[in-house]
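Only one structure is covered here, and it is reproduced in the block below.
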Amino acid sequence: MDSSQFRDAAKGAVDEIANYYDTLEERPVLPSVAPGYLRPLLPDSTPEEGESWDKIQADIDRVIMPGLTHWQSPKFMAFFPCNSSFPAMLGDMYSGAFNAAAFNWICSPAVTELETVMMDWVAKLIALPKEFLSDGEGGGIIQGTASEVVVTAVVAARERLVRRKLADMPESEERMDKAADIRGRLVALGSEQAHSSTQKAAMIAGTRYRSVPAPKETNFSVTAAALRKTIEECREKGLEPYYFTITIGSTGTCAIDDLQGIAALAKEYPDLWIHVDAAYAGSALVCPEYQHLCPPIAAFDSFNFNLHKWLLVNFDCSAFFIKRRKDLMDTYSITPSYLRNPHSDQGMVTDYRDWQIPLGRRFRSLKVWFVLRSYGVNGLRALIRKHIDLGEYMHDLLKSRPDIFTVVTEPAFGLVTFQINPSPPSSAPTTTEDEAHPRHEACLNGLTSSDTQKANQTTKQVYEKMNAKGEFFLTSTVAGGRYVIRV
Ligand code: PLP
């Protein structure tokens, strides 16, 4: 394909994409294909001769469309959103055009410098404490996903602890043995409600993982007392907690751990790396009404949220902020001669390869720049507020039918979870809506295990029927032993 053929192909593709968005609402959100549907539609191997773009493009409709789940459909209410926007798509297009593996500043100064500036814009937009800005000891870097960020933080936390404990020992066999001993005793912590990425990261780092209770009595949040108890229990067993994920907006119910209390506790455990996982809910911090959550974050080591979840930047774009960038660089900076250059040697520039696990990196800050400029602070706040209002609206609808629904967790960042009430025995007295409300509250507080089982079963049946119908796509979870539907 030469540049003139590209012009035509790209214009055609843009038209098709715009049509796709214009007709999204009419499409069933879930595909109806069976597993393995795609292979029979394709030849067994790469064609011997190149094919025309017309032929390739036609296969989007024939091969791909039937197997797409439409994440941008208004009927998609599963997991968390993965918002997209046209300015972000343009950013990805330019990024593809400039295609660079810009790991060092010299590899493409614009890639590094725009990322640094955009991460400062984003930090200010969400009112992160000044410690996370690049003009001090901190800064931000874009990664692909929250899970990659957690691995990066966990491994850096492990190595920081080893460095601190062996600060006086020169490199030697003996030091390596001692470091291995220390690593063998380390344990990473996360809430019972934390995303599974923390457990996965602990496994990748070769350390243990232990979860901290977050029961329904604390609205599925970790308290400072629960964290302290888990730390002390680990220590009694000769284990060393080195890392904790604190969550703003847990996956199941959007719970917030006790930020204030844990910030105070952090002073007692200076070697514990505390990482804030705000993968979904972090976007809400663009609104001043959520920014009271931000000051305690100054006590923690790192913070992350996904702009690709709720801030209109297309996948992938996960913002990782660090309070002391040296904590990353001391772990990840390894410089063979082929990566050296005068700018890096003089310490004049940021080389993001020293802050992350991979070497190469994409030009992801372009799409952030385009989105922030296209929507502005007010546009982004309006989007978040609209979604939060929709969560309240859903909650009001559920509450208006207490004969059918029991709300399990109140709307948090637009997410509400609920159960379907089992049908009452036919002899049960019927109630009006007004009367039913107090009955429902009493029910919530004093469920017997057989009530819970029945409600769990009914909820699961309804959930499975709804998804099988394909009109909406929802997800479920288990919160405090109760099977709930999440919207
Ligand atoms: N953390 C939380 C709270 C999440 O809800 C999720 C995913 O939904 C993740 C982390 C993992 O996100 P990612 O797909 O970016 O790794």
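The values are calculated or read from the model by the stated rules, or taken from the named source; none is laboratory data. Because the structure is predicted, anything quoted here is derived from the model rather than measured. As a convention, Cβ positions derive from the backbone with ideal geometry for all residues, glycine included, and neighbour counts pool all protein chains shown.
How many residues are part of a loop (DSSP other than H, G, I, E, B) and without any contact (Cβ under 8 Å) to a residue 12 or more places away in the chain when one looks only at segment 28-52?
Qualifying residue count for the region: 13.
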Does at least one position in segment 58-68 carry a residue that is touching a residue at least 24 places away in the same chain (Cβ under 8 Å), under 28 Å from the mean Cα position of the chain (by Cα) and assigned to a helix (DSSP H, G or I)?
yes
Within segment 337-350, is there a residue that is over 19 Å from Pro74 (Cβ atoms), in contact with a helix residue (DSSP H, G or I) (Cβ under 8 Å, 6 or more places away or on another chain) and buried (at least 19 other Cβ atoms within 10 Å of the Cβ)?
yes
Just for segment 194-212: of the residues that are at pLDDT below 95 and buried (at least 16 other Cβ atoms within 10 Å of the Cβ), which one is nearest to the chain's Cα centre (by Cα)?
His195
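For segment 124-134, indicate whether the set of residues that are within 16 Å of the ligand (Cβ to nearest atom), surrounded by fewer than 24 Cβ atoms within 10 Å (Cβ to Cβ) and at pLDDT 95 or above is non-empty.
Taking every residue of segment 124-134 in turn, none turns out to be within 16 Å of the ligand (Cβ to nearest atom), surrounded by fewer than 24 Cβ atoms within 10 Å (Cβ to Cβ) and at pLDDT 95 or above.
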Looking at segment 382-392, is at least one residue in contact with a strand residue (DSSP E or B) (Cβ under 7 Å, 6 or more places away or on another chain), more than 30 Å from Ala156 (Cβ to Cβ) and either outside the structural domain of Val478 (by TED's automatic domain parsing) or free of Cβ contacts under 8 Å to residues at least 40 places away in the same chain (or both)?
yes
Would you call Val286 more than 30 Å from Ala266 (Cβ to Cβ), surrounded by 16 or more Cβ atoms within 10 Å (Cβ to Cβ) and modelled with pLDDT of 95 or more?
no
The conditions are (1) part of a loop (DSSP other than H, G, I, E, B); (2) modelled with pLDDT of 95 or more; (3) on the phi < 0 side of the Ramachandran plot; (4) of a type in the set (A, V, I, L, M, F, W, C), and Ile384 fails exactly one of them. Which is it?
(1)
Scanning segment 299-350 residue by residue, the ones that are under 18 Å from Ser134 (Cβ atoms), part of a helix (DSSP H, G or I) and touching a strand residue (DSSP E or B) at 6+ places or on another chain (Cβ under 9 Å) total 4
Yes/no for Gly238 being surrounded by 16 or more Cβ atoms within 10 Å (Cβ to Cβ) and not aromatic (Phe, Trp, Tyr)
no
For Ser302, all conditions in the list (1) at pLDDT 95 or above; (2) more than 22 Å from Asp271 (Cα to Cα) hold save one; what is the number of the exception?
(2)
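Given the condition modelled with pLDDT under 95 and touching a strand residue (DSSP E or B) at 6+ places or on another chain (Cβ under 9 Å), answer yes or no: does some residue in segment 267-281 qualify?
no
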